[in-house]
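Written out below as structure tokens is the structure these notes cover.
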Amino acid sequence: MASNGYRNGTGTNKGAIKPPASSNIRSSSFKSRLPPSSNHSPGSALRRTSSASFTTAAGVPGRVRVAVRLRPRNAEESTADADFADCVELQPELKRLKLRKNNWESETYEFDEVLTEFASQKRVYEVVAKPVVESVLDGYNGTVMAYGQTGTGKTFTLGRLGEEDTSARGIMVRSMEEILVNVSRETDSISVSYLQLYMETIQDLLDPANDNISIVEDPRTGDVSLPGATHVEIKDEQSFLELLRLGEAHRIAANTKLNTESSRSHAILMVHVKRSVLGEEVAIPTESDKSSHFVKPPKPLVRKSKLVLVDLAGSERVQKSGSEGHMLEEAKSINLSLSALGKCINALAENSAHVPIRDSKLTRLLRDSFGGTARTSLIVTIGPSPRHRGETASTILFGQRAMKVENMLRIKEEFDYKSLARRLEIQLDKLIAENERQQKAFDDEVERINLEAQNRVSEVERNFTDALEKERLKCQMEYMESVKKLEEKMIENQQKHQHDGFMKDKCNGEGPGFCEDIAVIKKLLEKETHMRKEAEKEVNKLKSQLGQHMDAGAGGDAEILKLQIALEDEVHQKKKLEEEIIILRSQMLQLTFEADQMRRCLARGGSGNAYPGLDSPMSQVRDSLSGHKTPVSALFDQVGVEKILDLLESEDANVRIHAVKVVANLAAEEANQERIVEAGGLTSLLMLLRSYEDETVRRVAAGAIANLAMNEANQELIMVQGGISLLSTTASDAEDPQTLRMVAGAIANLCGNDKLQATLRSEGGIKALLGMVRCRHPDVLSQVARGIANFAKCESRASTNGIRSGRSLLIDEGALPWIVQSANNDAAPIRRHIELALCHLAQHEANAKDMINGGALWELVRITRDCSREDIRSLARRTLNSSLLFRSEMRRLRIEL
Ligand code: ADP
Ligand code: MG
């Protein structure tokens, strides 16, 4: 009954309809004209907003529906009015009512529903109350009110309990029945208050002591509530019936006390329905793709609605205030509420600017029912008696005016914070419990895995340590045994060699003992190799065990680390063992080699030169050429050149010496040279020269280089790697004749390379060669002489081919005096080289003058006469004869060849 509510704005259909009502009323059925929606739910058609508490913004127009119900004649009327016709005539099919003025005149009124005296309670409920109840279930407020003269059936229509005859049940019981059927016991709740309004006082029919309840209006929403009233929760129909009975009893008691009748008070039953619903899922189209939607989950909402059932006091009081038997005060008060209701309805029907809601408690209580947001149905009850025609007419007019009141139905929803919080709490609780359970399970599992890992780690560790220790001891013992045996063999061999030296006639140099020794050593080595393989296998096994374990175990990092360290130790040990094996092998190689050498010497009766390649390159071991490998080569294959070369960098000086010897011996064999160079042996040997620390090493390295330097390709490599200057430095440093012999031999070999002439000179090679004559050892001198001869030969070849001209570099470097001086050396090899050198030098006119001045001519002449070799004699003669300068000098000196 809000003053600012929506109203029927036409204002054309006032009062009685003569002729029948305008088309808009005619067309309206009693059932609401809410927008069509599924399952009869006006609320679902409405847009929800996200505010915490709200009503729907626009609302749905909903006119107050009015039905008229005629009570059948009662016994008294049947007799008293037997001769008179009813004052009304109903045309229910046309929803019209004719009110007879007299026998020939009547007025016709149209209602939303016209219920005859035969209308059943069920039908009355269905057409009057059911739509309202359904709206309430949907979340709207609803009002069903009975208006009419006392005795016309208001209480009969609304309040009958129908205890004996369920078909007699009135709207209150049927409404509750319907509500109970439709709500959920888990999520929804229903409570009722039952009140009586009498003389502007609100009494609680559920608690008679509570007899002055005040009305509270929410200034923000305009909602009316009675906080003082008792609210009783309803769980089933039975409890509701009891409540109604109780209320009725209290009403009678109260009225007796107040000395009045029920018909003078208004009875108001309020049913509060609270329902939990889920908001709609909101689909939001994305910008890119209109067809795909992001769906927001529904929000928990609570709908609070109220069904107000009002059994008004008899309407006759409106007209007959101060009627007999009543106090003036009472009459005024009773009239106040009803007349205020009439005024408000008039104002609303006429679209009046002022609606006097505040004039009475009844209008205040019903402010939402008329002109507000509730769906309202009014049933006006009339009696048939022509004696009460006036009352009936006034009731009909009241109903007609009420039909013009337009409400704006609005649903009211709130976020169900409580239930949301409750739900979230339960969910949270569940999650916490689950989390705790999972954490506990996880902790247990971790502990179990840790324990298992620890056990496994210690087990593996134990096994590993045992195995390692065993293996280590075994290897150590085997190794020591091997070394001992080798030493014994070595001593034995040495003794044998000495003995063989003296007894060479007997033994003829063919010591079968050597072969046996070698066979024994070989066996030892094989055993050693086998053991090493076994050890490797064991280590690999343990490694894979460790790997598996590391995969499986989550914990035990420290143990694994320890294990890894142990493993690394083991690998280190294994490496050492391998190194030792290589050393052993190479020692054996060396021994074999020496034995071989010894045998050769014995066979030759020679001096036992360990480096055969130098004096006579062609005298190298040539066994390999005969198609089968020498024992040395076979061993070399077994050990592998890389491993021997690695030993050159060993930390152990003895190992280094030993290794360099092996390399030198191998380098003496042409077949091995390429492999040695490919494996970087040459570079390693040159490095040894550079980082000179031990004379033996230097000597042997130089020897090996000398042997390698026999090959042309290697000569160039030596040059490229700075070998000439390294050899030159060694030549000037060294004192040991054997070292000098090796260095001289190496340089001599380089001197035989046509391409190296210039570099040899520029890097001091020739100077170094000549410098070495300071050592008078014939072996050294022999190598120097060979170098000079080689160099002279190359120069001569180049000059003949026109590649070079001018004086010999040897003469430039001051070699001539020593050449001349050595031409008569006692040692045949020296002499032979010098003689050749002189011949080569003499072949070129550019050298002739210096040679003559240096006394070389005399030597050449001597060669033509004294040289033991015929070819050299004739070479010298030819050379001298072909030179103009020599010839003229010989003529001058009167020398004849
Ligand atoms: P009110 O509440 O309007 O004063 P009641 O509901 O007390 O009227 O009705 C008065 C009497 O008429 C009651 O005895 C009631 O049983 C009877 N009555 C009312 N309406 C009907 C009806 N539609 N059919 C039969 N009896 C009725
Ligand atoms: Mg009554």
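Got a sec? Which residues in region 60-91 would a label at GLU117 touch, if it sits 7 Å along Cα→Cβ and we count backbone N under 19 Å? From region 60-91, the list is 68-91. Each residue, SER868 and LYS527, gets one label point 7 Å from its Cα in the Cβ direction; the gap between the two is 5.3 nm. A simple spin-label model places the labels of ILE432 and GLU693 7.4 nm from each other, with each point 7 Å out along Cα-to-Cβ. Listed by chain and number, the aspartates and glutamates whose alpha-carbon sits under 17 Å from that of LYS485, ignoring those within fewer than 8 places in the same chain, are GLU516, ASP517, GLU526, GLU528, GLU580. Rounded to 0.05, the FRET efficiency of the ARG448 and LEU473 pair, given R0 = 41 Å and the Cβ-Cβ distance, is 0.60. Using a cut-off of 22 Å between Cα atoms, the listed pairs LYS474/LYS576; LYS130/LYS299; LYS522/LYS576; LYS130/LYS418; LYS304/LYS430; LYS522/LYS543 include LYS130/LYS299; LYS130/LYS418; LYS304/LYS430; LYS522/LYS543 as exceeding that distance. Take each peptide in 59-69, 226-236, 352-362, 136-146, count the other Cβ atoms within 10 Å of every residue, and average; sorted highest first, the result is 136-146, 59-69, 352-362, 226-236.
So for each of 394-405, 467-478, 114-125 I average, over its residues, the number of other beta carbons within 10 Å; can you give me the resulting order with the highest mean first? Present the calculation step by step, with values, prior to reporting the outcome.
Details: 394-405: 23.1, 467-478: 14.8, 114-125: 17.4.
Top of the packing list down: 394-405, 114-125, 467-478.
Multiplying the residue separation of LEU246 and GLU536 by 0.36 nm and removing their Cα-Cα distance gives an extension gain of 94.2 nm.
Once the C-beta distance of LYS257 and THR187 is scaled by a Förster radius of 60 Å, the resulting FRET efficiency is 0.90 to the nearest 0.05. Stretching SER458 away from GLN821 to a fully extended chain increases their span by 122.4 nm, per 0.36 nm per residue minus the current alpha-carbon distance. Between ASP236 and LYS755, residue separation times 0.36 nm minus the direct Cα-Cα distance comes to 174.5 nm. Highest mean packing first, where packing is the average number of other Cβ atoms within 10 Å per residue, the peptides 526-532, 157-163 line up as 157-163, 526-532. Tell me, what is the percent relative contact order of region 640-711, built from C-alpha pairs under 8 Å that lie six or more residues apart? For region 640-711, the relative contact order is 34 percent. On the beta carbon distance between GLU712 and ILE491, with R0 = 35 Å, the FRET formula returns roughly 0.25. Once Lys and Arg get +1 and Asp and Glu get -1 on their Cβ, which of VAL232, HIS250, THR187 lies farthest toward the positive end of the dipole of region 137-253? Of the listed residues, the answer is HIS250. With the cut-off at under 12 Å, measuring from each backbone N in region 734-756 to a point 7 Å along the Cα-to-Cβ line of ARG774 picks out 734-736. Straight-line cross-link reach from LYS849 at under 28 Å between alpha-carbon atoms covers these lysines, not counting any fewer than eight positions away in the same chain: LYS755, LYS767, LYS793.
Every read-out reported here was derived from the displayed coordinates using simple, explicitly stated rules and does not represent laboratory data. As the structure is a prediction and not an experimental result, all values here were calculated from the model. Note that each Cβ is placed from the backbone with ideal geometry, even for glycine, and that neighbours are counted across all protein chains shown.
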